[in-house]
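Notes for the one structure printed next.
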Amino acid sequence: MKLVKNTNLLNVGILSSSLKPLRWSHESTRIGWYCNNAERRYYSKKNIEPSENFISNPPGIQTHPPSVLARSLLELRKSGSFSTVTVDPADSQMKVFGTGGVPYILLHNIAKTPSPVFTFRSTQKHTEHIQHSPNASLALFPLTPRHIIPTKFGLWMINFSGKVSLLENTLRNEAKNKFFIAHPGIQQFLEEDDNDFHYYAFHPEKITFKERDKTTAITLEEFENSQVDEVMRDSAALLKNLNENHVESLIYLIQEYANIDSEEVFVYAIDKFGLNVVTKNKSTQEWTDVRIPFPFVMNNIEECEESLLNALTKLKEDYTKEKIC
């Protein structure tokens, strides 16, 4: 698939500096949120590869390296696509068996970095496969609204491959209690059939970052030495709030800074440096991936939420007044 080449844009990837800065209502004495630091990527509904004109890092945009995204996404997510392998007796071929939405928790006392822990019943396929081979993988995508399929838009993803091992009995209660907190929906089953569940620690050996047609290897050393972006780690509730309750304001934001008259929009990532938004152009029906940096580094999710929601509220008020006038 090839991307739609937009020949009408001047300096594709960098927005015109003539657009107005966002009306920040929080810390108004700080530098404005100027659109010339935004990044755009163009692709149609059927095309998810980057355009040949795509500028991956326009001047002024501060982004995280893949290793930080991997650490942060692992702690943000509570579930992922988990795969194990099995040998088909008919042809002795190793085959991959994967399921999506598999819940996990993190334990911090197994390795240098938090280790994902899964639990499966003794009758589940993954339990059977693990008994024959410890090889497994975990794929994580950014958090998106339920109706959005990340692969359709080529959103970045992290793939961990490695081995699983039965969790030590001394850690079983800690893991179970964390599952109660992170996944209250399965508490009843864990309590009623505790002896039927097995807990497995996952040990990554190879990590890759993939975004559309680009794949980057992340070494274990890079992963272990990377700091978690606390804003991204704690952004689940803010992402949900924005995508469920502030779509109109986000459309105004895209119009203000990307000069796109959009009809659909969703946010799929927020970190201390900015947010990633995908929007659908009303006239061309093309999807655009927009990276908008914050005017200053956010110290925590509370500051990020206050600043962003205040700014969106003010932006909506201004656009509403302009429509009335």
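Listed here are the helices (runs of 4 or more DSSP H) enclosed by the stretch 222-322 that have at least 1 residues being out of contact with any Lys or Arg (no Cβ under 7 Å at 6 or more places or on another chain) and of a type in the set (Ser, Thr, Tyr): 247-258. Residues in the stretch 272-284 that are open to solvent by less than 10 Å² (accessible area, probe 1.4 Å) and of a type outside the set (Gly, Ala, Ser): 275, 277, 278, 279.
Would you be able to say whether some residue in the stretch 142-159 is more than 30 Å from residue 280 (Cβ to Cβ), out of contact with any Lys or Arg (no Cβ under 8 Å at 6 or more places or on another chain) and charged (D, E, K, R)? Within the stretch 142-159 (the criterion being more than 30 Å from residue 280 (Cβ to Cβ), out of contact with any Lys or Arg (no Cβ under 8 Å at 6 or more places or on another chain) and charged (D, E, K, R)), the answer is no, since none of the residues qualifies. Cβ-Cβ distances below 8 Å connect the following pairs, each with a first residue in the stretch 152-163 that is modelled with pLDDT under 90, a second residue that is surrounded by fewer than 21 Cβ atoms within 10 Å (Cβ to Cβ), and a separation of six or more residues or different chains: 152/48; 153/48; 154/48; 154/49; 154/211; 154/212. Number of residues in the stretch 184-217 that are touching a Phe, Trp or Tyr at 6+ places or on another chain (Cβ under 6 Å) and either over 26 Å from residue 119 (Cα atoms) or open to solvent by 70 Å² or more (accessible area, probe 1.4 Å) (or both) equals 2. The set of residues from the stretch 298-325 being of a type in the set (A, V, I, L, M), out of contact with any His (no Cβ under 9 Å at 6 or more places or on another chain) and in contact (Cβ under 8 Å) with a residue 40 or more places away in the chain comprises 298, 301, 315. Would you be able to say whether some residue in the stretch 204-219 is closer than 18 Å to residue 100 by Cα and part of a loop (DSSP other than H, G, I, E, B)? No, there is no match, as no residue in the stretch 204-219 is closer than 18 Å to residue 100 by Cα and part of a loop (DSSP other than H, G, I, E, B).
Taking every residue in the stretch 256-268 that is surrounded by fewer than 23 Cβ atoms within 10 Å (Cβ to Cβ) and at pLDDT below 95 and pairing it with any residue that is part of a strand (DSSP E or B) and hydrophobic (A, V, I, L, M, F, W, C), at least 6 positions away or on another chain, the pairs with Cβ-Cβ distances below 6 Å are 258/290. Criterion applied to 167, 171 was being among the hydrophobic types (A, V, I, L, M, F, W, C) and either open to solvent by 70 Å² or more (accessible area, probe 1.4 Å) or in contact with a Phe, Trp or Tyr (Cβ under 6 Å, 6 or more places away or on another chain) (or both), and the one residue passing it is 167. Answer yes or no as to whether residue 199 is more than 26 Å from residue 172 (Cα to Cα), assigned to a strand (DSSP E or B) and of a type in the set (Phe, Trp, Tyr). When the stated conditions are applied, residue 199 does not pass them. The single condition among (1) open to solvent by 10 Å² or more (accessible area, probe 1.4 Å); (2) under 22 Å from residue 152 (Cα atoms) that residue 316 does not satisfy is (2). Residue 234 falls short on exactly one of the conditions (1) out of contact with any Asp or Glu (no Cβ under 6 Å at 6 or more places or on another chain); (2) within 27 Å of residue 68 (Cα to Cα); (3) surrounded by fewer than 19 Cβ atoms within 10 Å (Cβ to Cβ); (4) charged (D, E, K, R), and that condition is (3). Of all residues in the stretch 121-150, those satisfying the criterion of being under 15 Å from residue 204 (Cα atoms) and part of a strand (DSSP E or B) are 135, 136, 137, 138, 139, 140.
The values are calculated or read from the model by the stated rules, or taken from the named source; none is laboratory data. For clarity, every value in this text was computed on a predicted model and none was experimentally measured. When we count neighbours, we look across all protein chains shown, and the Cβ atoms used for this are built from the backbone with ideal geometry, even at glycine. Just the protein is used for accessible areas: all its heavy atoms, side chains included, with ligands, DNA and RNA removed. Shrake-Rupley method; radii C 1.70, N 1.55, O 1.52, S 1.80 Å.
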